[in-house]
Amino acid sequence: MKALKIRIQLEEPLLATRPNAGEANSAISYGYIPGGMLRGAVLRAYRQKNPGVDISTDELANKLVFNGDVHYLNAYLTTLDGQRMLPSPLSWYVDKDDAAKEAVEISDFAVKVNEKLSKPKSPKGEFCLLKGNDAILNDPVMQVTVHNASEKRGRKAAGDSQVFRYEALAAGQVFASFIISENVDLLKEIQATLGDTLFLGGSHTGGYGAVKVSCTLDEKGWKECEQPAVKTQTSITCLSDVILPARGSSLLETLATELGLADVAGISAAYYQICLVGGFNRVWGLPLPQSWAIQAGSVFCLASDAKIETAALLNTGIGERRLEGFGRIAVNWQAQETVHRTPDKKPKNQALSLSPASATIAREMAGRLLKAQLERKLVQLLADDWKFAELPSASQLNRVRVLTQQALLTNETDAIKKHFAEMKSAKKTWERSRLRGEPLTEWLIAHSAMPSATLRTVFSLGETLPQIAGQSAELSAKLLQEFSARLVDGVMKRAVEEQRSQEGR
């Protein structure tokens with residue numbers, strides 16, 4: 001099987017509305033992007049590329065979206081290093097008190113039931129990436145927005161308007177899908193048809209649905225997930241919702257028929273849930289018929305003597321609407337009795353590719369973070385007890401403040417040093433003044449133009465300055481001069497206040 005990987009970055013919140021979302025005026029998105037949306041986006045892009053074409057009779061259009069040559073899989077959340085995650089198995093359990101922990105041992109009841117769990121509960125995380133004995137679990141980030149619709153434009157009043165709520169996939173997240181086919185030419189046609197920007201889901205005019213896409217073609221043998229060595233007991237895991245045809249007296253009997261089993265006795269254990277699925281046809285402007293489906297992540301264990309055609313099931317899936325990503329399964333995906341949940345971490349030294357304009361913006365943002373850090377530390381420093389002694393008059397102290405403020409405007413770094421060098425009558429008074437036991441004049445000269453190393457020490461900056469998208473903040477000469485002058489000015493203000501209090505004014 002050949003595959004076209006689609007990386008989807010949400011530029012705006014995305015609303016892939018699920019059926020039965022609660023209140024009539026509200027809409028709640030799936031935690032993923034359904035394959036049917038990508039299928040519709042490809043068809044829409046094809047029609048824009050070929051205006052006037054009759055889709056119902058166009059041979060290439062039928063091959064791309066209708067006749068089963070191409071399957072559009074759901075776009076699931078990716079890990080921080082860009083790997084597509086899959087629905088977490090419903091056979092995974094932890095103790096109830098450990099469900100939200102980032103590091104915990106997860107028992108897979110499809111392999112062996114853990115009798116030691118007194119209060120078993122599914123671990124937190126709708127999607128997972130399974131690597132041997134380790135698993136990363138994550139949930140998509142949702143954004144809740146309240147809107148107000150009015151029959152009279154600009155008027156918000158009872159009877160004329162109504163409040164409704166959207167719970168959408170938050171912007172900034174990255175999802176990944178695969179478009180699969182045995183015909184690599186069709187995948188190349190899709191790659192050439194899709195642009196860099198698409199609009200998916202609903203409420204496009206309301207600020208929803210804009211995404212950036214990039215495509216990578218894999219012409220080698222593609223697999224949706226790794227298949228461990230076959231065990232004595234076979235397990236089937238649903239990697240997407242499965243819509244079964246309306247036949248058989250029970251769900252498990254229908255599933256057994258779809259899997260090619262002789263009867264329902266071939267299914268020895270089941271960990272599953274049922275969900276309602278639907279869809280939307282943008283051309284008709286109408287919702288698709290809703291159906292009950294086996295929820296993604298459901299796990300079914302087969303009897304030891306049960307035989308299934310693994311290769312065919314993995315390529316085509318089972319059930320209905322498989323072109324839209326429904327019916328995807330894995331065989332023997334889980335092979336361990338326990339897996340260790342590990343946190344999702346970004347790879348070290350991961351290079352970020354930024355345009356020159358984006359890199360400039362990132363550096364500016366990092367610079368703002370550094371300046372905010374310096375502002376907070378300056379407030380802390382000036383709130384300390386400075387312990388002055390033998391201070392000169394308040395007018396002499398204010399003279400230093402004026403020089404400091406003028407130097408900040410003119411970028412003159414040695415104004416304070418020149419002032420003390422040219423001083424005559426008041427020089428002895430200044431020489432007697434002390435700050436924390438040290439000569440005040442020496443402290444003023446040293447801190448009126450601090451070099452980078454001194455400012456890092458005084459303001460308790462770490463070895464690494466703030467970074468945004470790999471772009472680090474810079475301790476520029478302007479920043480050094482600004483906070484040197486503001487520190488000196490603030491200390492002299494404290495000295496003036498103390499001197500005036502001693503003089504009784």
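Assorted remarks:
- For the chain, the relative contact order works out to 18 percent when only alpha carbon pairs closer than 8 Å and six or more residues apart are counted.
- Evaluating 6.51 cos²θ - 1.76 cosθ + 1.60 at θ = phi - 60° for every residue in segment 423-435, the Karplus couplings come out as 6, 10, 5, 8, 5, 5, 4, 5, 5, 7, 5, 10, 10 Hz, glycine and proline recorded as x.
- Magnitude of the charge dipole, segment 229-334, Cβ model with Lys/Arg +1 and Asp/Glu -1, debye to 20: 240 debye
- Positive-end ranking of Ala366, Leu198, Gln502 along the dipole of the chain, with charges on Cβ about the Cα centre, is headed by Gln502.
- Given R0 = 35 Å, the distance between the Cβ atoms of Lys121 and Thr457 translates into a calculated FRET efficiency of 0.10.
- Segment 69-194, relative contact order in percent, only Cα pairs under 8 angstrom and at least six apart counted: 30 percent
- Across segment 199-216, computed HN-Hα scalar couplings (Karplus, 6.51 cos²θ - 1.76 cosθ + 1.60, θ = phi - 60°) run 10, 10, x, x, 6, 4, 6, x, x, 10, x, 6, 9, 9, 10, 9, 10, 9 Hz from first to last residue, x flagging Gly and Pro.
- Normalised alpha carbon radius of gyration of the chain [divisor 2.2 N^0.38 Å]: 1.41
- Solution diffusion estimate, µm²/s, Stokes-Einstein, segment 229-334, Kirkwood Rh from C-alpha pairs, 25 °C, viscosity 0.890 mPa s: 172 µm²/s
- Difference of contour (0.36 nm per residue) and Cα-Cα distance, Arg436 to Leu80: 123.1 nm
- For the chain, a crude dipole built from +1 on the beta carbon of Lys and Arg and -1 on the beta carbon of Asp and Glu, taken about the Cα centre, is about 2040 debye to the nearest 20.
- For segment 13-122, GluC sites (Glu not before Pro) are listed when DSSP marks them as loop and at most 14 other Cβ atoms sit within 10 Å of their Cβ; the list is Glu23, Glu102, Glu115.
- Note on Val53 and Lys131: the extension gain reaches 23.5 nm, defined as 0.36 nm multiplied by sequence separation minus the Cα-Cα distance.
- Estimated FRET transfer efficiency when R0 is 41 angstrom, pair Lys112-Leu354 (beta carbons, to 0.05): 0.30
- Phi to ³J(HN,Hα) by Karplus 6.51 cos²θ - 1.76 cosθ + 1.60 over segment 38-43, Hz, x for Gly, Pro: 5, 4, x, 5, 5, 5
- Protection proxy ranking, highest mean first, for peptides 334-343, 378-387, 295-304: 295-304, 334-343, 378-387, where packing is the per-residue count of other beta-carbon atoms within 10 Å, averaged.
- Under 5 Å between amide hydrogens, built in the peptide plane, is the criterion, and for Phe280 it picks out Leu288 among residues at least 5 positions away or on other chains.
- Most to least packed among 81-87, 362-368 [average Cβ atoms within 10 Å]: 81-87, 362-368
- Förster-model FRET efficiency, 45 Å R0, Val146 and Met423, C-beta, rounded to 0.05: 0.10
- Here the contact order of segment 356-503, divided by its residue count and restricted to Cα pairs under 8 Å and six or more residues apart, works out to 40 percent.
- Between the listed residues Ala312, Leu252, Leu239, the Cα displaced farthest toward the positive end of the dipole of segment 229-334, a dipole computed from Cβ unit charges relative to the Cα centre, is found at Leu239.
- Those aspartates and glutamates that a straight Cα-Cα span of less than 18 Å connects to Lys2, excepting residues fewer than 8 apart in one chain: Asp69, Glu182, Asp185, Glu189, Asp218, Glu219, Glu224, Glu226, Glu324
- Reach of Lys428 by Cα under 30 Å, taken over lysines that are not fewer than 8 positions away in the same chain: Lys387, Lys417, Lys418, Lys493
- log₁₀ of I(q)/I(0) at q = 0.21 Å⁻¹ - segment 356-503, Debye sum with one point per alpha carbon: -1.32
- Set of lysines with alpha-carbon distance to Lys121 below 27 Å, sequence-local pairs under 8 removed: Lys96, Lys101, Lys112, Lys131, Lys231, Lys345
FYI, it's all coordinate maths here, none of it is from the lab. Source: prediction; values computed, not measured. All Cβ positions, even for glycine, are placed from backbone atoms using ideal geometry, and neighbour counts span all protein chains on display.
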